[in-house]
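Worksheet for the structure shown next.
The values are calculated or read from the model by the stated rules, or taken from the named source; none is laboratory data. Worth saying up front: this structure is predicted, and the values here are computed from it rather than measured. FYI the Cβ positions are ideal-geometry reconstructions off the backbone, even for glycines, and counts take in every protein chain you see.
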Amino acid sequence: MRHPALRRDHTRDHTRDHTPGASVSVTDARLTDDQAVQLGRLVDVYPEARELGAAFDAAGHELHLVGGTVRDTLLAAGDEDVLEQVDLDFATSARPEDTQRIVQPWATALWLTGAAFGTVSCQREHPGRPTRRVEITTFRADQYQPGSRHPEVTYGDTIEGDLARRDLTVNAMAVQVPGFRFIDPHGGLADLRRGVLRTPIDPHTSFTDDPLRMVRLARFAAVLDVEVEPAAAEAATELADLLTEISAERVRDELVRLLGGRNPRRGLELLLATGLAEHVLPELVELSACSDPDHRHKDVWAHTLAVIENVIELELDGPDVVLRLAALLHDIGKPDTREIHRDGTVTFHHHDVVGARQTRHRLRALRFDKDTVRDVSELVRMHLRFHTYKQGWTDAAVRRYVRDAGHLYERLNTLTRADVTTGNPRRARAIQRRVDELEARVAELREQEELEALRPAVDGNTIMRHLGIRPGPVVGEAWQYLLDLRMERGPMSEGEALTALDAWWATHPEGGGAARAGDADRDA
């Protein structure tokens with residue numbers, strides 16, 4: 001699908017001035033009237049561009065809007081809501097220390113955490129306009145030394161040299177401020193129109209300089225929903241093993257952005273086709289080959305991609321990367337649990353448990369945070385739980401489901417719905433109806449019982465006080481007993497809970513058993 005801003009193909013040598021002082025001249029590429037307006041609107045929406053451009057110009061340095069800022073503005077087609085979300089990135093001829101000196105009087109906040117890599121971040125609070133954070137990076141080239149996992153920063157002298165070292169032509173466009181000169185030496189605008197990803201220079205050179213660009217190729221294929229030039233895909237295939245030089249954190253960040261894209265299928269299929277998946281998510285390689293030899297069971301990889309797309313359709317609040325990761329990984333336990341029986345049937349018993357373990361291992365290896373590791377692996381572990389509902393659940397079973405799912409309850413139900421990819425419409429409708437029924441029962445119980453706060457009527461302190469015991473494992477046993485009773489019976493008053501606690505304690509070795517032993521001693 002081509003973006004509205006890129007459908008017109010007529011050209012002009014020079015564009016008209018659509019905003020005060022904001023005419024845009026063209027270098028090595030041509031703009032349509034609409035695109036010139038969009039670039040003019042960029043400085044209207046973001047006055048920081050004009051203000052910073054003037055400051056750098058006065059200091060004798062060049063400043064350019066670059067990369068995603070220019071690309072996303074072209075793709076926005078004048079949509080103000082989209083333009084509000086465009087990040088503001090600059091490239092400059094100034095070294096970081098000069099950039100700091102130039103922006104210091106202008107900025108109300110300054111961050112130098114990226115200065116070692118040539119980037120100064122800042123923002124300016126101004127009455128009547130939103131406060132935006134901007135990044136200003138010195139012209140540079142990133143190069144890896146053999147065996148290094150982090151780039152060596154080399155500063156450059158020209159915007160053209162800086163653009164040549166960027167990952168893709170669609171990210172290698174610039175607009176100089178305050179002169180508003182559009183610079184596109186590698187045909188990025190034409191590639192946006194065609195919906196093709198290319199590297200500005202030979203892909204072998206580009207990927208060798210920074211192997212992460214191969215994963216970024218897959219990321220932008222997913223984010224922009226565009227094709228990849230065959231030469232770039234072939235180079236990525238040949239050089240895939242270089243990805244071992246890249247830190248897990250950088251690979252993880254690209255994977256997250258890929259999954260958050262408009263069409264993750266494109267990026268994931270490219271990772272597999274090029275062999276990059278072996279170094280990103282090696283479990284996907286086995287998953288893609290998982291089907292029985294007689295084709296009597298649906299292809300697991302095709303099913304996985306369908307589940308991801310179903311999740312995207314069901315999302316209400318934009319990309320949910322935790323849920324998309326769970327959709328991607330929910331069946332990774334199948335290759336290790338696959339059995340073909342004599343009658344030709346295929347089973348994957350306990351693939352949910354095995355998959356949860358593999359998910360934890362892989363996400364930790366990619367340096368995901370603890371919360372994401374826990375949430376995704378729990379969704380994988382519980383993704384089959386719902387399917388016993390067809391056998392009938394008591395209220396106690398519903399309570400346990402809600403309690404076990406916890407804050408993942410809505411995500412788990414979404415994953416359950418998305419996991420229905422059967423070609424049998426009757427079966428698909430039946431499963432969706434059962435999810436509807438379960439959600440209705442949960443809503444009813446929630447109204448009656450406050451399920452999210454499901455806990456015994458008494459806490460650990462009350463248990464210790466009532467039984468006259470000190471802190472220790474027995475307190476936990478008593479609390480768990482009362483919780484299980486709450487699950488079975490529903491709401492209980494404190495008095496009912498304490499009565500039940502007394503009955504339990506009377507049979508406990510340290511309670512009633514100890515008391516009986518004491519009585520025997522006294523009788524003796």
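Tabulated values for the structure
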read-out: Residue count, region 84-109 (criterion: surrounded by fewer than 17 Cβ atoms within 10 Å (Cβ to Cβ), under 31 Å from the mean Cα position of the chain (by Cα) and not in a loop (DSSP other than H, G, I, E, B)); value: 1
read-out: Which numbered condition Thr199 fails, given (1) modelled with pLDDT of 95 or more; (2) in a helix (DSSP H, G or I); (3) touching a Lys or Arg at 6+ places or on another chain (Cβ under 8 Å); value: (2)
read-out: Among (1) closer than 26 Å to Gly406 by Cα; (2) not assigned by TED's automatic domain parsing to the domain that holds Phe386 - the single one Arg441 does not satisfy; value: (2)
read-out: Any hit, region 354-371, residues being under 25 Å from Leu281 (Cβ atoms) and among the β-branched types (Val, Ile, Thr); value: yes
read-out: So Thr154, is it farther than 18 Å from Ala232 by Cα, modelled with pLDDT of 90 or more and surrounded by fewer than 24 Cβ atoms within 10 Å (Cβ to Cβ); value: no
read-out: Test: Leu379 is at negative phi, crowded, with 18+ Cβ neighbours inside 10 Å and in the same structural domain as Glu315 (by TED's automatic domain parsing); value: yes
read-out: Filter pass, Ala428 being among the small types (Gly, Ala, Ser) and touching a residue at least 24 places away in the same chain (Cβ under 8 Å); value: no
read-out: Criterion (touching a residue at least 40 places away in the same chain (Cβ under 8 Å) and in contact with a helix residue (DSSP H, G or I) (Cβ under 7 Å, 6 or more places away or on another chain)) met by exactly one of Val353, Val300, Val256; value: Val256
read-out: Which listed residue, of Gly128, Gly114, is surrounded by fewer than 17 Cβ atoms within 10 Å (Cβ to Cβ), more than 18 Å from Asp162 (Cα to Cα) and among the small types (Gly, Ala, Ser); value: Gly128
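Yes/no matrix, rows are residues, columns are (1) buried (at least 16 other Cβ atoms within 10 Å of the Cβ); (2) at pLDDT 85 or above; (3) outside the structural domain of Arg403 (by TED's automatic domain parsing):
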residue: Ala418; (1), (2), (3): yes, yes, no
residue: Thr421; (1), (2), (3): no, yes, no
residue: Arg429; (1), (2), (3): no, yes, no
residue: Gln432; (1), (2), (3): no, yes, no
residue: Gln448; (1), (2), (3): no, no, no
residue: Met464; (1), (2), (3): yes, no, yes
residue: Trp479; (1), (2), (3): yes, no, yes
